[in-house]
Amino acid sequence: MNLLIVCAPVLGAFAAWSGAILGELACEGRAPFADGPAPVAYARGHFALGGLVAGVLANALGADVAQLALLTLAILALAACSAADLRCGQIPDACSLGGLVLVVGLGAFANDAAPALGALVIGIPFALAAAATRGRAIGWGDVKVAALGGALLGAGNATLAFALAAAAAYLVARRVRALRRPIAFGPFLAASILLVALGGTV
């Protein structure tokens with residue numbers, strides 16, 4: 001048990017750090033869209049710190065080994081999506097679909113259709129919003145992150161997470177409205193998914 005207490009924060013920090021690197025690599029050769037989010041500078045250390053805190057909280061909330069393993073996977077995928085969106089204003093499929101396929105696949109292996117159902121129930125409305133706005137209000141990368149959230153959390157908890165994400169993004173957008181450019185929504189989605197996952201002990 002003592003080993004688990006030590007490992008969870010270390011794994012969380014390493015997963016977040018690695019995810020940030022993966023997101024940056026996925027953005028190689030991609031230029032931000034002229035009408036998309038402007039690049040935002042960040043430090044990988046901030047990702048690592050967030051992953052460490054997530055691991056500490058998971059221990060405090062009594063997460064077991066299987067839950068910690070899923071949390072580590074989620075941190076890796078969500079950090080990659082966030083870093084990519086901050087770096088190039090896009091979320092490449094390598095960041096979002098990889099985690100989604102793995103989570104849904106693990107559910108199928110365990111004869112659990114809940115992850116696939118959650119991804120569909122959440123992903124379809126986001127996809128319709130992206131199609132209706134031609135990817136301007138909600139990007140297709142955001143759709144895939146939302147589907148990942150639905151697979152991880154289930155439709156009900158994912159809806160709560162995305163309400164939190166929308167509220168936080170709205171407040172930040174009001175603060176930076178003078179920039180006259182949209183903001184990256186992926187990091188808000190990722191952070192809210194992680195927070196709600198921790199609140200429900202993964």
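Every number in this text was worked out from the coordinates using simple rules, so none of it is lab data. As the structure is a computational prediction, the values presented were derived from the model and not from experiment. Please note: Cβ atoms are built from the backbone with ideal geometry, for glycine as well, and neighbour counts cover all protein chains shown.
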Once every DSSP H run of n ≥ 4 in the chain is given -39500 (n - 2.57) and the sum is divided by its residues, what mean residue ellipticity at 222 nm do you get, rounded to the nearest 500 deg cm²/dmol? -25500 deg cm²/dmol
How large is ³J(HN,Hα) for each residue in region 110-116, as worked out from phi by the Karplus curve 6.51 cos²θ - 1.76 cosθ + 1.60 (θ = phi - 60°), to whole Hz, x for Gly and Pro? 8, 6, 10, 8, 4, x, 5
For Leu195 and Leu97, compute 0.36 nm times the residue count separating them, minus their Cα-Cα distance, and round to one decimal in nm. 33.2 nm
For region 2-199, give the magnitude of the charge dipole about the Cα centre (Cβ charges: +1 Lys/Arg, -1 Asp/Glu; no others), in debye to the nearest 20. 760
Packing-based exposure ordering (other Cβ within 10 Å, fewest first) of Thr72, Thr159: Thr159, Thr72
Simple label model, 7 Å out from Cα along Cβ direction - Val172 to Val40, nm: 0.2
Please identify which residues in region 132-165 have an amide N closer than 17 Å to a label point set 7 Å out from the Cα of Ala66, following the Cα→Cβ vector. 152-154
Footprinting proxy, Phe109, Phe188: sorted fewest to most Cβ within 10 Å, the residues are Phe109, Phe188
Quick one: compute the contact order of region 53-153, relative version, from alpha carbon pairs under 8 angstrom and 6+ residues apart, as a percent. 27
Relative contact order for the chain: what percent, with Cα pairs under 8 Å and sequence separation of 6 or more? 25
Nearest 0.05, what FRET efficiency do Asn111 and Leu160 give at R0 = 35 Å with Cβ-Cβ as r? 0.85
